[in-house]
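Colleague: A single structure is presented below for examination.
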Amino acid sequence: MLSPPPSGDAHPYLRAATAGVRHHTRALKHPPQPEPADRAHLDVLHAHLTELHRLLDQLAEATRPPRPGAGRHLATAQTQLWQATAEIHAAFHLLPPAAGDTVCRPDRLPEGPPVLTICQRHLAAGHIVRRKTTPADLSRSHTTACAR
């Protein structure tokens, strides 16, 4: 059985993920001419955002009963993250496929990775969104003020 991390090292996996994103962002700045996003890049980014969405869902559910105000803010963050995830998914389908990738055909099911993978992931995350939000929640602009 694993022992809990020392208090100074709380949430080491989240810190490692944050460091990975930070490193990736810095690495993108170094080429003389930055490369535009490709499907593989957006697929990985979509996977990252989808997992963050699931994490926020769990945190909002656990926080809401004892701290309703904080829970509402976490739920708002979850909704906004879903909107970002949906935009990444839409951008993925607007990019040209790499050599060997399946061409997007909206009139039928995708035939294989990465198109099938991102669409399946997006549909699965969409079930959480439809269960917990309304169309009005998704269309309104959210503003949060510091409530100290």
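The values are calculated or read from the model by the stated rules, or taken from the named source; none is laboratory data. None of these values were measured; they are calculated from a predicted model. Note that we place each Cβ from the backbone using ideal geometry, even for glycine, and neighbour counts take in every protein chain shown. Side chains included, ligands, DNA and RNA excluded: accessible areas come from the protein's heavy atoms. Shrake-Rupley method; radii C 1.70, N 1.55, O 1.52, S 1.80 Å.
Colleague: Could you please find all residues in segment 103-148 being over 17 Å from His41 (Cβ atoms), open to solvent by less than 50 Å² (accessible area, probe 1.4 Å) and modelled with pLDDT under 75?
Modeller: Those that are over 17 Å from His41 (Cβ atoms), open to solvent by less than 50 Å² (accessible area, probe 1.4 Å) and modelled with pLDDT under 75: Pro110, Gly112, His142.
Colleague: A further question follows. Six or more apart or on different chains, Cβ under 8 Å: which pairs go from a residue in segment 35-59 that's within 20 Å of Thr79 (Cα to Cα) to one that's surrounded by 14 or more Cβ atoms within 10 Å (Cβ to Cβ) and charged (D, E, K, R)? Could you list them?
Modeller: Once the first residue is within 20 Å of Thr79 (Cα to Cα) and sits in segment 35-59, its partners that are surrounded by 14 or more Cβ atoms within 10 Å (Cβ to Cβ) and charged (D, E, K, R) give His46/Arg121; Ala47/Arg121; Thr50/Arg121; Asp57/Lys132.
Colleague: Among the residues of segment 1-50, write down those that are under 29 Å from Leu123 (Cα atoms), of a type in the set (Ser, Thr, Tyr) and at pLDDT below 90.
Modeller: Within segment 1-50, Thr25 is the sole residue that qualifies.
Colleague: To continue, here is another question. Which fully enclosed helices (runs of 4 or more DSSP H) of segment 1-96 have 2 or more residues being among the basic types (Lys, Arg) and either closer than 16 Å to Ile128 by Cβ or open to solvent by less than 100 Å² (accessible area, probe 1.4 Å) (or both)?
Modeller: Hits in segment 1-96: 39-63.
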